[in-house]
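Structure first, commentary second.
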Amino acid sequence: MEKIKLKMLRNNLDNIPQFDLPYGYAIRMFKEGDELNWAKIETAAEEFKTIDEALERFDREFGINIEEMKYRCLFIENEKGEAVGTTTAWFGDLDSNRQQLGRIHFVAIKPAYQGKKLSKPLLSAALNKMVELGHEQVYLTTQTTSYPAINMYLNYGFVPYDIDGKDQRGWLMMADVLDRKLGEK
């Protein structure tokens, strides 16, 4: 499948679907030294080729706001206390015509833990954190190759965001692959 970048928006944070973690797993917040855990998870999920590349991106993306990570970056731990999943309830600009919004950023689960019903509780926790932090709207970026995640995001109330029509081909592909009608905002 061709990899096309896409954006999605959730216009409000009402009625967030809630899912509990399976037995033996817990969600915790970022703590000092978790940069390496983040890099290992993101590399295992093939977001980066190497842990060093992931650490460089972490530093560029979050380094100047490391204190914010303690309130915004979530980890899923297994029963042994190993970090196996992460996402960040971050912030950013969706486009030049909008104010700063909440951003679901860098969602990843280690491959050995994918399919274990961890993604929905992680997304629920991140969106709940957005409410706690005062965000009213949330966006995310993704790609066509992550169509199972896109399906989950749609089920969470995110909609395609393509104001200039540049992503139309990707969204048409997703409508076909997911066999569902996709509204836009």
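Packing, as the average of other Cβ atoms within 10 Å across residues, places the peptides 18-27, 124-133 in the order 124-133, 18-27, highest first. Computing the accessible area with a 1.4 Å probe over protein heavy atoms, can you report the carbon and sulfur percentage for the chain? That fraction is 45 percent.
Magnitude of the charge dipole for the chain, about its Cα centre and with charges confined to Cβ atoms of Lys, Arg (+1) and Asp, Glu (-1), is about 460 debye.
Residue-wise HN-Hα couplings along the range 158-163, as the Karplus relation 6.51 cos²θ - 1.76 cosθ + 1.60 with θ = phi - 60° gives them from phi, are 6, 10, x, 10, 8, 5 Hz; Gly and Pro carry x. Per residue, the range 46-185 exposes 53 Å² of solvent-accessible protein surface, assessed with a 1.4 angstrom probe and all protein chains in place. The 1.4 Å probe gives accessible areas that order Met29, Met69, largest first, as Met29, Met69. Enter the Cα centre distance for the pair the range 1-57 and the range 71-98, rounded to the nearest angstrom. For the range 1-57 versus the range 71-98, the Cα centre distance is 5 Å.
Taking every DSSP helix (H) stretch of at least 4 residues in the chain, weighting each as -39,500 (n - 2.57) and dividing the sum by the residue count yields a mean residue ellipticity at 222 nm of -10000 deg cm²/dmol. For the chain, the longest principal axis of the Cα atoms and the long axis of helix 119-132 meet at an angle of about 90 degrees. With the convex hull built on the Cα atoms of the chain, state its orientation-averaged projected area in nm². Taking a quarter of the hull surface, the average projection is 10.6 nm². Among the GluC sites (Glu not before Pro) within the range 44-110, those in coil by DSSP and having at most 16 neighbouring Cβ atoms inside 10 Å are Glu46, Glu47, Glu79, Glu82.
The values are calculated or read from the model by the stated rules, or taken from the named source; none is laboratory data. This structure is a prediction, so every number in the text was calculated from the model and none was measured. Every residue, glycine among them, receives a Cβ derived from its backbone with ideal geometry; neighbour counts consider all protein chains shown. Calculation scope for accessible area: heavy atoms of the full protein, side chains included, ligands and nucleic acids excluded. Shrake-Rupley method; radii C 1.70, N 1.55, O 1.52, S 1.80 Å.
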